[in-house]
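See below for the structure under consideration.
What follows draws every value from the coordinates through simple rules; no lab data is involved. Model, not experiment: these values are computed from the prediction. Here the Cβ is made from the backbone with ideal geometry for all residues, glycine too, and neighbour counts use every protein chain on show.
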Amino acid sequence: MANTPPSRDHLNWAKVRDWQKDLDYLCSNHQSSKKRRTAVKEEEEEEAAAWTNVFGCSAKASGDPSNFLTLTDADLLDCPICFQNLSIPVFQCLNGHLACLSCCNKVRNKCPTCSSTIGHNRCRPIEKIIESVKISCQYKKYGCTELVFRGKKSHHEGMCIYGPCSCPLSDCAFIGSFKKLSLHFSTDHSGSAKRFCYDCTFPISLELLQKYVILQEEQEGTVFILNNGVQNLGNVIDVCCMAPTSSERGFSYNLLATSGGRSVKLQSFAENVCGRIEHTPPNSFLMVPSDFFGSCGQLKLELRILRSPGEHLLRIFEKNIFHFHYI
């Protein structure tokens, strides 16, 4: 018996069933997609609300670098218990009060504001804000242009090369970056320092009670201080570099004291200081017996300051070399 071809009505119903399946599939995907969009929208609204509460404005289009937000009250991102910068993880109680992890442990997971439990629920919107907020270094006025994440501000400022240095002369109120200090000292106090060149030995005459001698390198203008402190066993002498204490030590020195046929010698690194202070013995110093000063009360020294290769501070100076011309 020959096969009877399907009727037109049968083909039409088969197409309708196929269309129905496709429609059901599309509707199902649409509902799933809608749910996902709704969840994402709710999360974005929650985060936007957190931005508004903290900054008083919207974080709309926050991914656009041309959009900036101003934090009018920096304390809003501080832990209300220890008053330190909030860092991830951040926890909140049922009433929305915040606390950092260490404080949650200190208060034994009991919110000091409302006595509800705290330390189990993370505050994700605030954590996202902390991860996103960048602020200026406190040394901006001294030349630092870095914008650093708020949670890393303390670490950056501890290493910032623009940490201020004060003029080593007590009657001068200048404060600025160590680079500007070099220019300031050369311009305003050109007669107050002994000039020298790196890697060259030069003589220094030091009196018994003389507290310091200021030195300035001829080409780069770097300022150093030779300190002299009187102790029971003699005089302690060392050399410091006027630079941020956070910077790596970029200079070493050889110091030699002679008297008759006797000599004492020190090889050490120049410690970084931000200003001249009353001399206290550093980690390394040259101990010179009092009788080295002789009857005239003067000590003959020979000093050689060397740039230490590979040091971070040396690389900074290589990029910012000062050239001075003295008349």
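When each of the peptides 77-89, 155-167, 194-206 is scored by the mean number of other C-beta atoms lying within 10 Å of its residues, the order from highest to lowest reads 155-167, 77-89, 194-206.
Rg and Dmax of the range 228-273, both derived from C-alpha coordinates alone, stand at 13.0, 41 Å. Electrostatic tally near residue 262: other residues with Cβ closer than 13 Å to its Cβ, Lys and Arg +1, Asp and Glu -1, net +1. I'd like to know which of 166, 205, 187 lies farthest towards the positive end of the charge dipole of the range 146-243, counting +1 on Cβ of Lys and Arg and -1 on Cβ of Asp and Glu. In the range 146-243, that residue is 166.
Net length available on complete extension from residue 173 to residue 198 is 6.2 nm, with 0.36 nm assigned per residue and the Cα-Cα distance removed. Looking at the P(r) of the range 105-244, how many percent of alpha-carbon pairs lie beyond 27 Å? Within the range 105-244, distances greater than 27 Å cover 49 percent of Cα pairs.
Cα convex hull, the range 149-193: 80 Å³ per residue, rounded to a whole number. Take 121-128, 251-258 and order them by the average number of nearby Cβ atoms within 10 Å per residue, most first; the result is 251-258, 121-128.
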